[in-house]
Amino acid sequence: MDGQPCRKTVDLSINDLVNEAHQNAINKGWYEEPRTFGEVIALMHSELSEALEDHRNGRGLQEVYFEGEKPCGIPVELADTVIRIFDTCGHLGIDLETAIRIKMDYNATREIRHGGKKL
């Protein structure tokens with residue numbers, strides 16, 4: 001990745017991206033049959049698992065490689081995870097931008113390493 005945002009999306013809000021991801025999923029036929037919430041969450045997990053597999057296979061954390069024309073790598077799998085989350089929020093009518101701001105504002109008030117967790 002060259003670090004440059006796609007010109008098409010550089011000025012879009014999070015909710016604009018949510019709507020774009022959801023509309024693309026509709027256009028590609030992913031809503032012709034219903035899926036359960038659990039199935040959708042599992043698909044999000046699967047993208048993270050693919051990122052972990054790339055890491056286990058020695059791929060660099062910022063490495064993007066191609067299998068034919070298909071982009072692959074940890075950054076791409078993380079992007080796929082976000083795109084699936086965006087699509088789901090678009091489908092469910094969730095205002096993700098507001099939810100992110102609410103949670104980030106709350107997180108800013110938390111103690112250092114709150115909860116005493118080691119990881």
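General observations
- Qualifying residue in segment 29-38 (condition: among the charged types (D, E, K, R) and either over 20 Å from residue 19 (Cα atoms) or assigned to a helix (DSSP H, G or I) (or both)): no
- Contact map, segment 19-47: first residue of a type in the set (Gly, Ala, Ser), second residue surrounded by fewer than 14 Cβ atoms within 10 Å (Cβ to Cβ), Cβ cut-off under 8 Å, separation 6 or more or different chains; pairs are 25/31.
- Residue check for residue 66: aromatic (Phe, Trp, Tyr) and either assigned to a helix (DSSP H, G or I) or touching a Ser or Thr at 6+ places or on another chain (Cβ under 7 Å) (or both): no
- Every residue from segment 8-26 that is within 15 Å of residue 86 (Cα to Cα) and surrounded by fewer than 12 Cβ atoms within 10 Å (Cβ to Cβ): 9, 13
- Taking the criterion of being of a type in the set (D, E, K, R) and either modelled with pLDDT under 95 or surrounded by fewer than 18 Cβ atoms within 10 Å (Cβ to Cβ) (or both), the residues of segment 63-82 that qualify are 63, 67, 69, 70.
- Pairs, first touching a residue at least 40 places away in the same chain (Cβ under 8 Å) in segment 67-81, second acidic (Asp, Glu), C-beta under 9 Å, six or more apart: 75/63
The values are calculated or read from the model by the stated rules, or taken from the named source; none is laboratory data. What you see is a predicted model, and the numbers here were worked out from it, not measured in a lab. Neighbour counts run over all protein chains shown; Cβ positions are idealised from the backbone, glycine included.
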